[in-house]
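> I am attaching a structure below and will ask some questions about it afterwards.
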C-alpha cells in the first residue's frame, strides 16, 4: 500500500493540472446532475415494521382522507411521510390578554376564517364548535384548513389568503400561530454560524504552518470534498426519501476530516522539505507514509459509518452510507489533490522563520507534554480516567426521544402553537395517541366500548374522545389524549399500558387493536434504535479491532484504543445529557427547552466518534510504530512518535472541535445536540485519551505493547502502515534513505 500511494503521490505531483482539472470536471458534472434532478429533504422519521407504522398504514387504508392529521403531534418528527398527501394547516388562536373566547371573541374568529372555505385551493375548513376545538376556559381555539394539494404545491395566492386572515386577527389583538403544511418553517441546514468553524480552522492552520498558502490548501480541499458530497446527496434525494440530518452529518464530517487529512499530509511534506528533500520526492513520500495512515484512518471512519446499515433502519442506513461516501471522497482528494496542490506550490511550502524552528524541534523529537506523560505514566493514566468518568456520570440518566415543537425557539410559530395548545388543552394534546380497532372479523362495538372504558381508567389519561367509525363500518379509531407531554416517561408508560390491555380485548371480541399516533411512533422508533445500539457497537468495535491489529501487529494496542473510545464516548453522552436533557448552561448552548436526546443520536455519535477516534489513534501510534520498527527503544518510540504527531493531532482536534461547535449554534434542535456530542467526544478522545492516556499506557507496556503471537503474525496480511516496504523499495531504486534510529540507539 505504501509503495502504491508513493506512486500516486508522485503522479499527482507531476500531472497536477490533469488531477486538479479532473476533480473540477467531476464537481461540474455532479452539480449538473444534482441541479437537473432537483430533490428535497424530509424532516420526519419513519421505521417500517414497528407497530405504530403498521397501524398507520392500516389507518390510511381504512379511513383515507378522513383520518388526515389524526394523531399527528405538534411539530413531531415521528410518523409517516406526508410529503405526497394533501396538506393541512392549523390556525391556533388565543384572545387578547385578559379576555376569553367565550366572551364573544369566538364569533370574531369564526367570522374571520369563514371566507377561507371559498378560497381556491382550500378543500375544507373545520368548525371549532362542531369539532370541540375550544379550550374549556376559552383561552385558545384552533381551526384546521385542508388544502387540495401537497404542501409544496399549495399556490402562493392560497397561502397569502390564509396569512391575511391571521394578520387581520392579529390586528384585532388576537395571538395567531400558523403551523403545519406549507407554513412549516423552511429547513435550515446552514445558518451561517458554520462559517465560524472554517475561519477558526484557517487560523489554526496558519498558526500551525506559519504560511497562508499552506493554511489555505486543506480548506480548499475540504470544501471541494464537501461540495462533492453535498451534490451527491442532493441527487440521491431526488429518487429516495432523504432526511435533513443526512446532509448535515455529511457536511460536518466532510469539512472536518477533509481538513484533517490534508493537514496530516502537509505536515509531513513540510517536515521533509525542511530536512532538504526536493518537493517532488517529498510529496510522493508524504503520500506514501502519512498518506498510508490517512487511508487506514479513513477506512475505519467509513466502516464505522457504513455499519449504520446493520441496524436495519432505512433513514440511518442512507445517513451512514452518504456520510461514508463523503469521507471516502475526502480520502481520495487527500492522496491526489493535495500532492497536486503541492506541485503548484513547489518549494514555497518550505517552513521559514518560526515555522522552521518548530520543524527543527519536531525533528529532534522535543515535546514537553510527551516527556511529562511518559515520565509519570501511572499518575497520568489515573488522572485522565478520573476526568473521563466524572464527565460521563450524567449519562446514567440518559433518556431518548424525538424532538417536537416544544424544543423549537420560543419565537417560532410552531413553538407558539405548541405552547398555546398545551396551555388550553393540556400538554398531552400535542402528542395524541390513536387506538385503531379493526373489527372486520369480530365484535367491533364491544371492542370499542372496552377500549373506551379500560383506557379511560388508566393513569395519565386526560380524556378519551368519542370513537370515529370508518365508511365501511368494520373499523373505528379512538383518540386518547395523555395528561403528560409527548416526550415524558408517563406517556411512554401509558402506551405500554394500552398495549398491555390489548390481548384481553382481542381475545374477548375477536378484533385487532393497534396503537399509533406521533407519540407512539416516537416510542417505537426510540425502542428499536435502543435495541440496535449494542449490536452496532459490537460490530464496529470488532471490525476496527481487527483492522488495528493488522495495522499495528499488536493485540494490546487495539484493545487500549477501544477502551479509550468507550470512555470518551461515555463522557460525550454525559456532557450532552447535562446540557440538553438537564438544561445545564442551556442559554449558552442555545438550548430552548431541555428534553430527551434525539433517539438516533447514540448510534450516530458512536459511529462517528469511533471513526474519528481511530483517526487520532492511527496518526499518533503509527508514528510510534514507525519509529519502533526502525530501531528506537519502545519507550523512546512512544515519546518520539508523540513529538512528531502531537502538534498535528492537536491542530486537527481543534479544527474538528471548531467545525462541530459551529453547528451547535445554528439553532437546529435536531443537529445541535449531535454536533455538541461530537465536539465533546473529540475533546475527550483527542486531548484526554489519545494525547494523554494512550502514550501513558504505551509507556507502561513498553515492548509488550507490540507483542503478537508468531502464528498470528504469519497469517495476518501486512499493510505496512509504517512504510518499511516503501523504504526497501526506495533503496532498491538507489535512493538514499538513512535509518531513522539504528538498533539499540537511545534518542535523548
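> In this structure, does residue 431 turn out to be in contact with a strand residue (DSSP E or B) (Cβ under 7 Å, 6 or more places away or on another chain) and modelled with pLDDT of 85 or more?
Answer is yes for this residue.
> Within the stretch 651-661, is even one residue over 20 Å from residue 609 (Cα atoms) and surrounded by fewer than 24 Cβ atoms within 10 Å (Cβ to Cβ)?
Taking every residue of the stretch 651-661 in turn, none turns out to be over 20 Å from residue 609 (Cα atoms) and surrounded by fewer than 24 Cβ atoms within 10 Å (Cβ to Cβ).
> Another question, then. Where in the stretch 624-703 are there helices (runs of 4 or more DSSP H), lying wholly inside it, with at least 2 residues that are closer than 16 Å to residue 605 by Cα?
So the answer is 634-664, 671-682.
One line per residue, one yes/no per condition, for (1) in contact with a helix residue (DSSP H, G or I) (Cβ under 6 Å, 6 or more places away or on another chain); (2) under 30 Å from residue 634 (Cβ atoms):
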| residue | (1), (2) |
| --- | --- |
| 505 | yes, no |
| 509 | yes, no |
| 514 | yes, no |
| 530 | no, no |
| 555 | no, yes |
| 566 | no, yes |
| 571 | yes, yes |
| 583 | no, no |
| 588 | no, no |
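> Another question about this same structure. Name the residues in the stretch 503-515 that are in contact with a strand residue (DSSP E or B) (Cβ under 8 Å, 6 or more places away or on another chain), more than 20 Å from residue 596 (Cβ to Cβ) and surrounded by 18 or more Cβ atoms within 10 Å (Cβ to Cβ), would you?
505, 511, 512, 513, 514
> For the stretch 364-423, which residues satisfy the criterion of being in a loop (DSSP other than H, G, I, E, B) and in contact with a strand residue (DSSP E or B) (Cβ under 8 Å, 6 or more places away or on another chain)?
398, 399, 402, 403
> Another question, if that's okay. So, of the residues in the stretch 324-353 that are outside any helix (DSSP H, G or I) and buried (at least 20 other Cβ atoms within 10 Å of the Cβ), which turns out to be modelled with the lowest pLDDT?
Within the stretch 324-353, the match that is modelled with the lowest pLDDT is 351.
> Under 26 Å from the mean Cα position of the chain (by Cα), buried (at least 18 other Cβ atoms within 10 Å of the Cβ) and part of a loop (DSSP other than H, G, I, E, B): is that true of residue 485 in this structure?
Spelling it out, residue 485 is indeed under 26 Å from the mean Cα position of the chain (by Cα), buried (at least 18 other Cβ atoms within 10 Å of the Cβ) and part of a loop (DSSP other than H, G, I, E, B).
> I would also like to ask the following. Consider residue 283 against the criteria (1) at pLDDT below 90; (2) buried (at least 21 other Cβ atoms within 10 Å of the Cβ); (3) assigned by TED's automatic domain parsing to the domain that holds residue 637: it satisfies all of them except one. Which criterion is unmet?
With respect to (1) at pLDDT below 90; (2) buried (at least 21 other Cβ atoms within 10 Å of the Cβ); (3) assigned by TED's automatic domain parsing to the domain that holds residue 637, residue 283 is out only on (1).
> When residues of the stretch 571-598 are filtered for being part of a strand (DSSP E or B) and modelled with pLDDT of 90 or more, how many remain?
0
> Another question about this same structure. Just checking, which of 523, 541, 550 is within 30 Å of residue 61 (Cα to Cα) and either assigned to a helix (DSSP H, G or I) or without any contact (Cβ under 8 Å) to a residue 40 or more places away in the chain (or both)?
Of 523, 541, 550, the one residue that is within 30 Å of residue 61 (Cα to Cα) and either assigned to a helix (DSSP H, G or I) or without any contact (Cβ under 8 Å) to a residue 40 or more places away in the chain (or both) is 523.
The values are calculated or read from the model by the stated rules, or taken from the named source; none is laboratory data. Everything numeric in this text was worked out from a predicted model, so none of it was measured. Glycine also receives a Cβ, built like all others from the backbone with ideal geometry; neighbour counts cover every protein chain displayed.
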